[in-house]
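Enquirer: Attaching a single structure in structure tokens format; questions to follow.
The values are calculated or read from the model by the stated rules, or taken from the named source; none is laboratory data. Predicted, not measured: the structure shown is a model, and the values here were computed from it. With ideal geometry, Cβ positions are generated from the backbone for all residues, glycine too; neighbour counts draw on all protein chains shown. When the accessible area is computed, the model is the full protein with side chains, heavy atoms only, and any ligands, DNA or RNA have been set aside. Shrake-Rupley method; radii C 1.70, N 1.55, O 1.52, S 1.80 Å.
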Amino acid sequence: MNKQDIILLCKYNQWANALILNAAAKVTQEEFLALASFPYGGLRGTLVHTLFAEWVWRQRWEGTSPTKRFKPEDFPTFESLRTRWAEEEKALTSFVEEVTDEKLESKFKYNSTDGEPHERILWQ
């Protein structure tokens, strides 16, 4: 795996996220907030979980091991979520633009949100 591959994957992820967020933008506020029986409790919970996953992995790659998860209540509206997602997208793009092939092959250590230690190769 090299930097150009990672850039391509990042752009694909941004494209896919845009499709999802554009579709989610069409729901009403009530539908956005509605609870459901599927994992993460509905549309808002699922989107918050996905945003958190992108954020937490970037944090880990940059040497931080967050211990707290995002909560659906942190995003009272779809627009608040979309705004935060745009910020994360910029931060991830910046990280990817700066990463080197050598760094992609290196190992990094992090702790899960539960405090369990892990080690991974960055590109994976």
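Enquirer: Output the number of the condition that MET1 fails; it satisfies all remaining conditions of (1) under 21 Å from THR93 (Cβ atoms); (2) open to solvent by less than 60 Å² (accessible area, probe 1.4 Å); (3) not charged (D, E, K, R).
Expert: Of (1) under 21 Å from THR93 (Cβ atoms); (2) open to solvent by less than 60 Å² (accessible area, probe 1.4 Å); (3) not charged (D, E, K, R), only one is false for MET1: (2).
Enquirer: Something else: Pull up segment 73-124, narrow it to residues that are more than 22 Å from LEU47 (Cβ to Cβ) and among the aromatic types (Phe, Trp, Tyr), then point me to the one that is surrounded by the fewest Cβ atoms within 10 Å (Cβ to Cβ).
Expert: That would be PHE108.
Enquirer: Further question on the same structure: Can LEU51 be described as over 17 Å from the mean Cα position of the chain (by Cα) and open to solvent by less than 90 Å² (accessible area, probe 1.4 Å)? First the steps, then the outcome.
Expert: On the way: over 17 Å from the mean Cα position of the chain (by Cα): no; open to solvent by less than 90 Å² (accessible area, probe 1.4 Å): yes.
Against the criterion (over 17 Å from the mean Cα position of the chain (by Cα) and open to solvent by less than 90 Å² (accessible area, probe 1.4 Å)), LEU51 does not qualify.
Yes/no per residue for (1) without any contact (Cβ under 8 Å) to a residue 12 or more places away in the chain; (2) at positive phi; (3) touching a Phe, Trp or Tyr at 6+ places or on another chain (Cβ under 8 Å):
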{"position": "LEU35", "(1), (2), (3)": "yes, no, no"}
{"position": "LEU51", "(1), (2), (3)": "no, no, yes"}
{"position": "TRP55", "(1), (2), (3)": "no, no, yes"}
{"position": "GLU73", "(1), (2), (3)": "yes, no, no"}
{"position": "THR77", "(1), (2), (3)": "no, no, yes"}
{"position": "ARG82", "(1), (2), (3)": "no, no, no"}
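Enquirer: Can you find even one residue in segment 27-38 that is among the acidic types (Asp, Glu) and in contact with a helix residue (DSSP H, G or I) (Cβ under 9 Å, 6 or more places away or on another chain)? Outline the logic, then answer.
Expert: Quick first cut of segment 27-38, residues among the acidic types (Asp, Glu) only: 30-31.
From what's left, in contact with a helix residue (DSSP H, G or I) (Cβ under 9 Å, 6 or more places away or on another chain): 31.
Checking segment 27-38: at least one residue is among the acidic types (Asp, Glu) and in contact with a helix residue (DSSP H, G or I) (Cβ under 9 Å, 6 or more places away or on another chain).
Enquirer: Next question, about the same structure. Could you pull out every one of the helices (runs of 4 or more DSSP H) wholly within segment 1-103 that has 1 or more residues that are under 15 Å from LEU122 (Cα atoms)? Quick ask: steps written out before the conclusion?
Expert: Numbers: elements: 3-24, 29-33, 43-61, 78-98.
By residue number, 3-24, 43-61, 78-98.
Enquirer: Applying the selection to segment 14-34, what residues are farther than 18 Å from SER80 by Cβ and open to solvent by 50 Å² or more (accessible area, probe 1.4 Å)? Steps first, answer last, please.
Expert: Looking only at segment 14-34, we keep the residues that are farther than 18 Å from SER80 by Cβ, and these are 14-16, 19.
Residues satisfying the conditions are TRP15, LEU19.
Enquirer: Sticking with this structure for a sec: Condition test on THR50, is it among the hydroxyl-bearing types (Ser, Thr, Tyr) and within 30 Å of LEU104 (Cβ to Cβ)? Spell out how you get there, then give the answer.
Expert: Working: among the hydroxyl-bearing types (Ser, Thr, Tyr): yes; within 30 Å of LEU104 (Cβ to Cβ): yes.
Here the answer is yes, as THR50 does meet what is asked.
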